[in-house]
Amino acid sequence: MSAKTQRSGGSEKANAGASRRYAETKIKYTDEPLGKVQVVPDFLPSPAELAFREEGVKVTLALSKKSIEFFKSEASKHHTQYQRMIRRLLDAYVDGQAPTRQSTRTLRDKAAQRR
């Protein structure tokens, strides 16, 4: 057995012992007031919104080399496509510029409710 294998084996045993110790710890519940509680509105998108894909329009656009290098570098760090990051950035900008205008998601939800 190599030194590397011995070290990793030893840490696995230590971790197993620690997890058993936490599993055996009893939680003691008390009936006390929680203090000031605030209800947070549901802000997560619905499954329908997550599955929905907005209609895309192909465009040809010349961007600076430094912008493309930046997005490609960031995209590789986050395991995504750089074009998708640029598209989401532009969509976020548009949504921020028109706060009183209904977003496409709100319009889409209303259309789905009518069906």
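Please treat every number below as a calculation from the coordinates, not as lab data. Computed from a predicted model, the values in this text were never measured in an experiment. All Cβ positions, even for glycine, are placed from backbone atoms using ideal geometry, and neighbour counts span all protein chains on display.
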Whole-Hz Karplus couplings 3J(HN,Hα) for the stretch 36-49, θ = phi - 60° and coefficients 6.51, -1.76, 1.60, Gly and Pro as x, run 6, 10, 10, 7, 9, x, 5, 10, 7, x, 6, x, 4, 5
When Arg84, Arg53 are arranged by how many other beta-carbons sit within 10 Å of their Cβ, fewest first, they go Arg53, Arg84
